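Here is the structure we will look at, set down as structure tokens.
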Amino acid sequence: MAKNQTSAAGQSTSPPTGSAVGINFDLDTGNFLRDLIRPSGDTSGKDQAIGPMDASVLIHLTDTLQTAWFDALAPYHPTAVGVHSRIGRRPASESATNRNKNIAGLHATLQMMKAFYPERIYVLHKLWSALGLDADDESEDPTNPVGIGNIAGKAAVRVRSRDGMNVRGDEGRAYNGQPYDDYTGYQPVNSAYELVNPSRWQPAAHPHRRRVGGGPGDIGIWVIQRFVTPQLGLVKAHTYQDPRQFRIAPPDHTDHTNPGRYNREVDVILEASAALTDEQKVMTEFFDNKFLGIGQSTQAAALAHDLDLDGWVHLLFTTSVAQLDGVIACWHHKREYDAVRPFSAVRHVYGNQKVTAWGGPGKGTIGDMPADEWSSYLPAADHPEYPSASVTLSAAQAQAARRFLGDDVLDWTYGSFAGSTLTEPGIAPVGDVELRFPTWTDFERDCGMSRVWGGVHFKTTVERTREWGTQFGDRAYEFVQRHINGDVTD
């Protein structure tokens, strides 16, 4: 299998991309999601406008797009009604083929891209031209697919641009605002140089370029983390009004006033670090890259279940609602508890004492590693530790997919070449590695453990978050089913 390619249910992972003039896509029989939108080849996300680890921004953008798709196809469904736009039902004859649905979905995509990725519009112009469509058509006629897609896309962008996420960077500031910037005034208790409270989050200092692409970083140029998008906990969710209703136990396992328990959590991290295998190293990066592990799994399930176009849109929207609503509540608690990350806790417990742990790129396990020089295999995330965002996303997504599909089947295989890790390029893995996820249960279990192997989450955090995050999958499934069945009154 080629590096960074995925397969599901034995199907090809190289659909047409639209870059060629003569694109091989039939609007009547094709599926724009499966054949045009779904990534092929390099799924690392390194060419994206946001980083593959920027989970909060990525999930917010993904929900905007997938809500637009759902709303764009709703008028062609026998009963479905949109979420952000309520466009009148079209005659059944207009959905006899996929043509109108494909055109509506593509134009909804175009409106989202114009709003958030304007630098990529030139690529879409080439695709639209190859398909015989007009990317400059801004019609909002609710009786044709171009107008329906434009209405749905613009409505989703309009709602999510003013939902508390500060997409435009103009909330809470009179000038010089940056997109997605904090407007809540969050300040960490600890600095990057001093751990005043060992139970609380400490911003990490790291090279300006952090291991991405395998480079050594900028010699002598270091930056200090900020809590990324602390306002996410204030964003409008689909299925609830107040994230405080979803209680999770306080992070008593990282309360430094209980040193016995605190130290045990640290020791589990160090034990996992010392025992890292090549497969675990690949797994940690696979799940840390939200474009890949979290981002592509639902599409793999759609392929495995051979869903039609409506099925793809409805499944992706269901998991998207689960993830957004889950991560909003997760971020609320991250800010509430402001919990310490393992790298700070390890140094607090052991200082300059010698420990056994992974020693850094190419060094393997070292038996006399100074604890204050230890670093996690993955870069420390730029937000507090508890609950885990990755585990919330995977648990919510998995439960939503199980409910929608009626089974636990994922059937996804991911292959990685020797030496392809970002942390140890050219070194790990020693040989080709193939990750297999037969079921969603396997997927969410491995996602959780990968956070421990990578040294960025405590094991108790993972266990609690997985159980807690499942509820958002159930809520999402019920919400989307009401919209599919037209059982909504608002």
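The values are calculated or read from the model by the stated rules, or taken from the named source; none is laboratory data. Small disclaimer: the values here were computed from a predicted structure and weren't measured. Glycine also receives a Cβ, built like all others from the backbone with ideal geometry; neighbour counts cover every protein chain displayed. The accessibility values were calculated without ligands, DNA or RNA, using every heavy atom of the protein model including side chains. Shrake-Rupley method; radii C 1.70, N 1.55, O 1.52, S 1.80 Å.
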Next on the checklist: Please compute the length gained on full extension between ASP407 and VAL488, using 0.36 nm multiplied by the number of residues separating them and subtracting their Cα-Cα distance.
Outcome noted: 26.5 nm
Item to check | Inter-part distance where region 324-397 and region 440-490 are each reduced to a Cα centre, Å | outcome: 20
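Based solely on its DSSP helices, what 222 nm [θ] is calculated for the chain when runs of n ≥ 4 H residues each add -39,500 (n - 2.57) and the sum is averaged over all residues, nearest 500 deg cm²/dmol?
-13500 deg cm²/dmol
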Next on the checklist: I need the calculated FRET efficiency for the pair ARG158 and ILE221, taking r as the beta carbon distance and R₀ as 41 Å, to the nearest 0.05.
Outcome noted: 0.55
Checklist entry - lysines within cross-link reach of LYS126: Cα-Cα under 17 Å, excluding same-chain residues under 8 positions apart? => result LYS114
Checklist entry - Cα convex hull of region 416-490: mean projected area in nm², to one decimal? => result 7.8
Checklist entry - Leaving out ligands, DNA and RNA, what percent of the accessible area of the chain is carbon and sulfur, probe 1.4 Å? => result 49
Checklist outcome for this item: Checked against the positive end of the charge dipole of the chain (+1 on Cβ of Lys and Arg, -1 on Cβ of Asp and Glu, about the Cα centre), the farthest of PHE286, ILE23, LEU309 is PHE286
Next on the checklist: If the only charges are +1 at each Lys and Arg Cβ and -1 at each Asp and Glu Cβ, what is the size of the charge dipole of the chain around the Cα centre, to the nearest 20 debye?
Outcome noted: 600
Item to check | Cα-Cα pairs of the chain separated by more than 39 Å (percent) | outcome: 23
Checklist entry - Among the lysines, which have Cα under 20 Å from the Cα of LYS281 when same-chain residues fewer than 8 positions away are ignored? => result LYS3, LYS46, LYS290, LYS363, LYS459
Checklist entry - Going by the alpha-carbon gyration tensor, a ≥ b ≥ c the square roots of its eigenvalues, is region 245-326 rounded (a/c under 1.5) or, if a/c is not under 1.5, prolate (a/b greater than b/c) versus oblate? => result oblate
